[in-house]
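Structure, as structure tokens:
The values are calculated or read from the model by the stated rules, or taken from the named source; none is laboratory data. All values derive from a computational prediction rather than experimental measurement. Cβ atoms come from the backbone with ideal geometry, glycine included; neighbour counts cover every protein chain shown. Each accessible area value is taken on the protein alone, full model and side chains, heavy atoms only, with ligands, DNA and RNA left out. Shrake-Rupley method; radii C 1.70, N 1.55, O 1.52, S 1.80 Å.
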Amino acid sequence: MIRRWLSTGGRGGVVWGVAVIELGLAWLLALAATASLTGTLARHPLGAIGLHAQGGRLLGELVALHAHAWEPMAGLLGVVIVAHAGAWMLLGGMFPVLGATTGVRWHRAAAESLRRAPTLLGLAAIAGLGYALAGFAGYAAAGWAGREAAHRLDVRAITALGGTGWLLGGALAWAIGLWHDVARAHAMSRGRSAMQASGSAALQMAREPLATVAAGAGFGLVTWAYVGAAAALAGLLDARSSRPGVVAALLVAQHLVVLGRVHTRMKWFVWLGGRVTAARARAE
Amino acid sequence: MSLARAVGAALVLLPMGALAQPAPRVADYTFTATLDPARHTVRADGTIRWTNPSTVAVSELWLHQYLNGFAGPRTYFMRTASGDAWPAHPPHWGRLAVESLRTADGADLLATATHDPAVPDDTSQLHVALPEPVPPGASITLAVRFTATLPEAVARTGYHGTFHMVAQWFPKVAVLERDGTWSHFPFHAQSEFYADFGRYDVRIRYPRGYVVGATGPRVEGPAPVDGLMEERHVIEGVHDFAFAAWNHFRRADRTIGRVNVHVLHAPGDERSAARSLDVMAGALPAFERRFGEYPYRVLTIVLPPPGAEATAGMEYPTLITTGAQWWLPRRVRDVEYVTLHEFGHQYFYGMVASNEHRYPFLDEGFCEYATARVMEDLFGRGGPIVDLPLLGPRLDSWSWEALGSAGIAHPLPLDLGADEYPSWGRYGEHVYSRTAIVLRTLERRVGTRVFTATLRAYVDRARYTHPTPETFYAVVRERLGAPWEAFVRTAFETSWRYNLAVSEAVSARVPGGRWQGRAVIDREGPFALPVNVVFTDVRGRRRAVRIANDRPVTVVPYEGDAALRSVSVDPEDTIPLELRRLDNARMAHEHTAPVLPLVGRVAYWVALALGSVGP
Ligand SMILES: [Zn+2]
């Protein structure tokens with residue numbers, strides 16, 4: 001069972017590759033972001049463990065001491081995320097190509113992805129429009145909920161109303177993300193244009209709504225389950241013990257989470273590839 | 001049985017609620033007050049009986065009409081609400097209109113009454129000339145009729161929908177000090193209140209369907225009167241009276257020891273109500289053990305509904321307002337912290353009735369210390385406020401106060417008046433955090449048991465009086481000695497920055513295979529408090545050296561059979577008022593490995609963020 005889940009049908013190399021690239025970028029950014037802190041911590045006998053000591057006092061001092069460094073760091077993080085998103089928009093066809101085919105080397109998939117950049121950008125633009133609409137819908141729902149909450153007395157009902165905007169916007173955004181994945185699978189495995197792939201994706205989601213949505217939700221849940229598991233592990237270990245072995249185990253677990261997420265994305269596109277191939281077989 | 005012991009036993013056996021040490025009855029108020037929730041008004045009439053507590057005859061009275069702070073945009077309160085103090089002015093102003101004020105003989109006092117001419121556009125003070133002087137110890141009774149119009153909830157007071165927090169709603173006699181000077185002041189945005197002890201007998205009338213929580217035990221009602229409901233509250237030994245009324249209140253009750261605790265809350269807020277009762281079950285005995293008896297039989301906790309948050313987090317005699325989000329996890333002790341703080345005011349403000357306007361640190365700061373102290377009693381070491389396992393680092397009450405004090409960029413003395421701090425933020429960091437951490441430092445230096453006894457002696461001496469800082473200094477001098485009196489005077493009366501730091505930690509091998517080196521301890525600030533300097537060598541062995549710490553810099557020599565790994569000064573944290581603890585320890589050589597977990601942690605979160613916009 002586990003072996004079957006772990007298997008990506010010979011696409012393991014690309015999973016490792018992507019995870020390493022993501023973690024590498026993250027480490028570079030983390031080193032830059034913590035540069036101002038590391039000097040202070042390196043001079044302190046407790047090191048980073050000091051962050052947990054004295055009931056938050058040392059951590060609070062550290063935050064106050066380096067408050068000036070947070071703003072440029074947040075800016076840097078924003079730039080890196082945008083650059084990263086841009087890069088993946090161009091390479092975003094790589095996973096669908098790999099998912100729909102077997103035996104394609106990942107640099108071939110990357111090259112194919114770059115070649116189809118206009119189509120991928122087109123799909124990204126349509127998705128972007130969708131996200132904007134989801135945001136607007138969420139905003140409008142939040143406004144309505146706020147007015148509605150003003151007439152309510154029950155504090156739980158008021159809290160629930162306050163969440164409706166987020167919930168609606170989030171659900172819409174998730175559905176658009178799902179559609180974007182399906183559309184990319186159609187575009188890359190069947191050579192469709194952005195408009196054609198959009199239509200095919202919508203058609204597939206309409207024809208197999210339960211299967212597509214359930215699979216999308218299932219794979220999505222697995223990616224977040226990794227994060228949850230790491231958080232739970234952190235809860236068990238963190239601040240309870242600061243022994244180097246415990247700290248190292250947690251670090252390893254957290255890095256495995258990143259690998260696990262990339263792996264799950266690959267599995268999802270393999271599943272989508274199978275569906276798209278079946279759809280093509282039906283069409284031909 | 002000796003006579004003294006018999007008297008002692010009799011005191012212990014005093015009936016419930018009786019005051020072991022009677023509070024003076026300087027200002028007694030008897031009102032019948034009718035709440036009109038549609039107009040947001042309270043119309044009241046009754047009497048004020050005032051007894052001259054000073055040593056001189058007086059022929060004038062000063063009354064505070066705090067509600068007039070919200071009478072319009074030009075009041076002293078609104079002018080001094082410098083942006084950060086309170087949110088923008090209420091959409092609906094409030095005011096206190098005294099319609100009639102007469103002596104027992106019927107002489108009209110209102111005709112000649114004036115407002116303080118020194119404060120233009122402000123009617124928060126009323127000066128009344130008396131027809132004849134009131135000798136020391138003599139009384140005068142005034143008949144009064146007034147209408148309080150509540151503002152939309154702002155600065156502790158007001159209404160939201162049909163919820164009404166009725167506070168500062170009646171003309172209140174200012175405090176006449178023993179020497180015959182009136183402690184009166186215009187209502188300032190950063191200031192709280194000051195009044196004299198007395199007996200309150202208030203009949204509250206309100207429409208059917210409303211639930212009322214008020215100062216003091218309910219002795220009659222609710223019963224229908226003239227188409228309204230009426231209930232009567234009578235209490236002695238307090239210096240203010242407030243009530244909350246709402247037609248949607250839910251209530252939760254619990255008897256804790258001799259005290260009936262009521263929580264009034266909005267529908268759906270049952271969880272916060274239960275948490276309030278749970279924390280009081282521990283807090284009431286804890287406060288009594290440390291600070292003496294809570295002599296009243298009742299405590300009402302009001303959790304204002306959403307929209308009325310401006311009235312939350314405030315203390316009145318036997319009635320406090322608190323509040324927190326209902327969904328906060330148990331280990332985020334927001335409602336617990338606020339409840340302890342506001343209950344702590346029953347001591348530091350309520351019974352120990354210092355002038356909140358002139359010496360806000362005596363109520364807010366001492367109360368904040370008591371809050372953290374009892375947080376630690378109830379929730380363990382440090383009194384954790386946030387203790388979420390998933391987030392790792394926790395936030396302790398003492399650390400919270402220490403960080404607040406350490407964040408002070410431009411220090412001021414702590415014994416300033418509320419109106420002397422240039423902003424709300426600077427008021428808070430001094431009056432609350434720095435005061436609490438000074439008291440905590442004293443506790444750490446003399447020991448918790450000795451300090452608790454000292455603070456208890458202060459509370460006992462100041463109970464039902466108006467203490468000043470000198471009252472506290474005298475108790476410290478008697479209990480702890482002149483050097484500690486000098487310490488608290490310096491800490492409260494001067495501006496200071498205080499820090500200890502290890503500025504150098506080195507060692508080198510000398511002929512014979514041994515290691516020699518030194519630690520340099522820098523001291524910034526006024527307090528010469530002896531501390532330990534601890535050397536740790538590379539084999540993990542520790543050696544402590546006591547230094548007098550009476551000079552700006554102390555050099556401590558090191559000698560051992562291994563190289564020096566690190567030096568720390570005051571590792572026991574006996575001076576928590578220090579600005580920084582980070583520089584209290586220093587490696588002889590920087591080490592990088594222990595930093596990796598931090599970088600790795602940040603990298604993980606960045607990778608998650610990147611992954612969410614990934615392929
Ligand atoms: Zn307070």
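A few points about this structure:
- Here B:V225 meets each of (1) over 20 Å from B:L299 (Cβ atoms); (2) out of contact with any helix residue (DSSP H, G or I) (no Cβ under 9 Å at 6 or more places or on another chain); (3) open to solvent by less than 30 Å² (accessible area, probe 1.4 Å) with one exception, condition (3).
- Residue satisfying all of: in the stretch B:355-365; more than 10 Å from the ligand (Cβ to nearest atom) and crowded, with 24+ Cβ neighbours inside 10 Å; nearest to B:H430 (Cα to Cα) among these: B:F361
- B:V261 fulfils the conditions (1) farther than 30 Å from B:H64 by Cβ; (2) free of Cβ contacts under 8 Å to residues at least 60 places away in the same chain except for a single criterion, (1).
- For the stretch B:236-272, the set of residues classified as within 22 Å of the chain's Cα centre (by Cα), closer than 30 Å to B:S354 by Cα and open to solvent by less than 40 Å² (accessible area, probe 1.4 Å) consists of B:G237, B:V238, B:H239, B:D240, B:F241, B:A242, B:F243, B:A244, B:V259, B:V261, B:V263, B:L264, listed by residue number.
- Looking across the stretch B:576-615 at every residue that is more than 7 Å from chain A (Cβ to nearest Cβ), charged (D, E, K, R) and within 18 Å of B:V520 (Cβ to Cβ), the one that is surrounded by the fewest Cβ atoms within 10 Å (Cβ to Cβ) is identified as B:D583.
- Taking first residues from the stretch A:154-167 that are at the interface with chain B (Cβ under 10 Å from one of its Cβ atoms) and partners that are open to solvent by less than 30 Å² (accessible area, probe 1.4 Å) and not aromatic (F, W, Y), the Cβ contacts under 6 Å between residues at least 6 apart in sequence or on separate chains come to A:D154/B:P267; A:D154/B:G268; A:V155/B:A266; A:V155/B:G268; A:V155/B:D269; A:R156/B:G268; A:I158/A:A149.
- Residues that are in a helix (DSSP H, G or I), open to solvent by less than 30 Å² (accessible area, probe 1.4 Å) and modelled with pLDDT under 85 are absent from the stretch A:53-62 altogether.
- Residues that are under 27 Å from the mean Cα position of the chain (by Cα) and open to solvent by 50 Å² or more (accessible area, probe 1.4 Å) were ranked within the stretch B:17-36; the one that is modelled with the lowest pLDDT is B:A20.
- Taking the stretch B:313-337 as the range and being touching a helix residue (DSSP H, G or I) at 6+ places or on another chain (Cβ under 8 Å), within 16 Å of the ligand (Cβ to nearest atom) and either without any contact (Cβ under 8 Å) to a residue 24 or more places away in the chain or away from chain A (no Cβ under 12 Å) (or both) as the test, the residues that pass are B:G313, B:M314, B:E315, B:I320, B:T321, B:T322, B:V335, B:E336, B:Y337.
- The stretch B:525-538, residues that are within 17 Å of B:R586 (Cα to Cα) and more than 14 Å from chain A (Cβ to nearest Cβ): B:V531, B:N532
- Count of the stretch B:413-436 residues, restricted to those that are open to solvent by less than 40 Å² (accessible area, probe 1.4 Å) and more than 16 Å from the ligand (Cβ to nearest atom), is 5.
- Residue match in the stretch B:438-451 (condition: assigned to a helix (DSSP H, G or I), closer than 26 Å to B:L176 by Cα and either modelled with pLDDT of 95 or more or open to solvent by 30 Å² or more (accessible area, probe 1.4 Å) (or both)): no
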